[in-house]
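*Asks:* Dumping the structure here so I can ask a few things about it.
We did not get these values from a lab; they are worked out from the coordinates using the rules stated. As the structure is a computational prediction, the values presented were derived from the model and not from experiment. Reconstructed Cβ throughout: ideal geometry from the backbone, glycine too, with neighbour counts over all protein chains shown.
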Amino acid sequence: MSRNTMSFALPPSMRSYIDERVRGGEYGNTSEYLRDLIRRDQQAEEARRFRMLIAEGLESGEGRPLTSEVVDELRARALGRAV
């Protein structure tokens, strides 16, 4: 895994909070804690997008039979490909 370094400033209260979380033993170091936060944020964004797609589907009108052609079309749309 490639390692890229980021540098940013945190207020003392946030730094103390992170240090407490690491000392609590759930994370080995600050980087592990921050990577976990980012992964959780990515998962939350994926869930938000999924809910949005479900809402779009429900609002799109009457359903149609699920055929292999429809599955191919939906797969292409989900992957951002032209239909």
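*Asks:* Rounded to the nearest 500, what is the 222 nm mean residue ellipticity of the chain from helices alone, with -39500 (n - 2.57) per DSSP H run of 4+ residues and division by all residues?
*Replies:* Counting only the DSSP helices, I get -21500 deg cm²/dmol.
*Asks:* Per residue of the stretch 5-12, in order, report the coupling 6.51 cos²θ - 1.76 cosθ + 1.60 (Karplus, θ = phi - 60°) as ³J(HN,Hα) in whole Hz, putting x for Gly and Pro.
*Replies:* My calculation for the stretch 5-12 gives 9, 10, 10, 8, 9, 10, x, x Hz in order.
*Asks:* Would you work out which of G63, L79, M6 lies farthest towards the positive end of the dipole of the chain, given +1 charges on the beta-carbon of Lys and Arg and -1 on that of Asp and Glu, about the Cα centre?
*Replies:* So the residue we want is M6.
*Asks:* Taking the dipole about the Cα centre of the stretch 1-75, with the C-beta of Lys and Arg at +1 and of Asp and Glu at -1, give me whichever of I38, L53, G28 is farthest to the positive side.
*Replies:* Sorting the options by dipole projection puts first G28.
*Asks:* Please grab the % of Cα pairs in the stretch 12-78 that end up more than 19 Å from each other.
*Replies:* Here the long-distance tail beyond 19 Å is 57 percent of all Cα pairs in the stretch 12-78.
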